[in-house]
Amino acid sequence: MASPLDEYPVHQVSLSLEFVGSSDRNFYDRCIYQAHDRSGDVLLITGMGIYPNLGVIDAFAVVRRGDQQFCVRTSNAIPANRLDQRVGPLSIEVIDPLRELRLACAGADLGIEFDLTFRAAFEAMDEPHHVHRMGPKILLDASRFCQVGSW
């Protein structure tokens, strides 16, 4: 089944981008973001994970303000449109890839509500490809990038 992503020439395997090129049931695509205010009094850590071979999307947000901590965790079935990065009260919107993102949480009733726009200060940097083995078995095969910016 074709997805909106299939309109772009970015395929890595001979399948719709609806499918991953791995049969590993634990294959995932995940992002984690951190933000803090200039005083250091408020810290936010939020992230989202998509597990295509399990059909699951989940997300979390943790806010620490002074000596109080608030947390929200949510999970659901992956939406039909994988560009729709929303689960529960949490959402990620890619405004300009690798330059500008909008992260939001509509969880006022849970003690967490934010609507932040990240703007990159530098180009994203790739971390070295990481493969962790135990004997001949691959335990982790991961590629990551990191980026600094402001909120």
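Of note:
- Coarse-grained scattering of the chain at q = 0.11, 0.12, 0.14, 0.17 Å⁻¹, given as base-10 log I(q)/I(0) from a Debye sum over alpha-carbon atoms: -0.52, -0.62, -0.83, -1.17
- Residue separation of Glu7 and His36 scaled by 0.36 nm, minus their Cα-Cα distance, works out to 6.7 nm of gained length.
- Summarising the label geometry, the points placed 7 Å from Cα in the beta-carbon direction at Leu139 and Phe122 lie 3.0 nm from one another.
- Furthest towards positive pole of dipole, Ala121, His132, Trp151, structure part the range 23-151, Cβ charges: His132
- Spin-label model, Leu43 to Ile78: label points 7 Å out along the Cα-to-beta-carbon direction sit 3.2 nm apart.
- Spatial separation of Cα centroids for the range 71-119 and the range 25-46, in angstrom: 12
- The packing ranking, built from the mean of other Cβ atoms within 10 Å per residue, places the peptides 10-18, 111-119 in the order 111-119, 10-18, highest first.
Laboratory data are not the source of any read-out in this text; all were calculated from the coordinates shown. Because the structure is predicted, anything quoted here is derived from the model rather than measured. All Cβ positions, even for glycine, are placed from backbone atoms using ideal geometry, and neighbour counts span all protein chains on display.
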